[in-house]
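See below for the structure under consideration.
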Amino acid sequence: MDQQELTDNQIIEEFGRQLLVPGISEEGQNNLLKKHVLLIGLGALGTISSQYLVRAGIGSITLLDFDKVSLSNLHRQINYNKKDIDGYKSEISKQVLENINSVTKIIQHPLSFEEFLNRNNFENLDFIFDCSDSYQTKINSSLFAKTKSIAYSSISINSSEGIFLSQDHIKTDKTLCFKCLFPNIDETNHRCLNSAMIGPVAGFVASLACSKIILELAKNIPQMKNEILLIDLLTSDINKLQLKISNCKHTYE
Ligand SMILES: [Zn+2]
């Protein structure tokens, strides 16, 4: 991307606390400034994630969501207020996020991932982060990322439970796609449109994912493994499943 490097004083003033994290420093902050993240879905998970990614100083973020804000969204989707009802989530999120810092370029499209793919090419994408509530979009985005060797994570929540899936984008012959991992889920039983939810569950899952993504992009060293974290906030259990064997034959078409 074409952002200029920040001066040392600008970096220290704006991101000083983040620079203290092992592995970030000025070099990591400048790495973040050069990264472009595609964020799919601006519901509870996506709005929280958008805030953390922009506040971390990611260089560019492209926001996708075709949906409009409704009253029932407001208890968990933190970019919106009552005045935003019936507005496009992507447009409102851009307005909110543009006021956070001077370094992040915000691009938005009120489109689904699939519609956007049909209209744009995906040059210069460093990370695809799926926060959608659509099983089909999760399959499509995970396969697209695998096929193009782009770093990828996907998060989902239902009631007190969360799933954080990450893919190794270097050794893609060992990478399972979403369809391999969850073959029996379909759109009708997966969408969280009507599922039970309290906002902080989304906050926890999104924060966990964003922490890993920010470190991955700052360190400039691919660290995402093929793994799933299963999070249950009622029991306080987090279980990690390492995905070692792959015979995925699916490709994005
Ligand atoms: Zn597969």
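Each row is one residue, and each column tells you yes or no for (1) buried (at least 18 other Cβ atoms within 10 Å of the Cβ); (2) within 16 Å of the ligand (Cβ to nearest atom).
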residue	(1), (2)
K148	no, yes
N158	no, no
S166	yes, yes
D232	no, no
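Comparison of N120, N189, N140, N194 shows that the only residue that is modelled with pLDDT under 85 and under 20 Å from Y252 (Cα atoms) is N120.
For every residue, the table says whether it meets (1) assigned to a helix (DSSP H, G or I); (2) over 15 Å from the mean Cα position of the chain (by Cα); (3) closer than 18 Å to H36 by Cα.
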{"site": "N101", "(1), (2), (3)": "no, yes, yes"}
{"site": "L117", "(1), (2), (3)": "yes, yes, yes"}
{"site": "N121", "(1), (2), (3)": "no, yes, yes"}
{"site": "K138", "(1), (2), (3)": "yes, no, no"}
{"site": "S141", "(1), (2), (3)": "yes, no, yes"}
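If you filter region 2-57 down to residues that are surrounded by fewer than 13 Cβ atoms within 10 Å (Cβ to Cβ) and touching a helix residue (DSSP H, G or I) at 6+ places or on another chain (Cβ under 8 Å), you find that the one that is modelled with the lowest pLDDT is E5.
Restricting region 75-109 to residues that are under 23 Å from G57 (Cβ atoms) and of a type in the set (G, A, S) leaves a set whose member that is surrounded by the most Cβ atoms within 10 Å (Cβ to Cβ) is S93. For the condition more than 16 Å from the ligand (Cβ to nearest atom) and surrounded by 16 or more Cβ atoms within 10 Å (Cβ to Cβ), what is the one hit in I214, I221, I198? Testing whether each residue is more than 16 Å from the ligand (Cβ to nearest atom) and surrounded by 16 or more Cβ atoms within 10 Å (Cβ to Cβ) leaves just I214. Among the conditions (1) polar (S, T, N, Q); (2) over 24 Å from K212 (Cα atoms); (3) surrounded by 19 or more Cβ atoms within 10 Å (Cβ to Cβ); (4) within 16 Å of the ligand (Cβ to nearest atom), the only one that S141 does not satisfy is (2).
Among the residues of region 48-88, the ones that are part of a strand (DSSP E or B) and among the aromatic types (F, W, Y) come to 1 in all. Only one of the listed residues (N81, N140, N101) is closer than 27 Å to Q167 by Cα and of a type in the set (S, T, N, Q). That residue is N140.
The values are calculated or read from the model by the stated rules, or taken from the named source; none is laboratory data. Remember, predicted model here, so these are calculated numbers, not experimental data. As a convention, Cβ positions derive from the backbone with ideal geometry for all residues, glycine included, and neighbour counts pool all protein chains shown.
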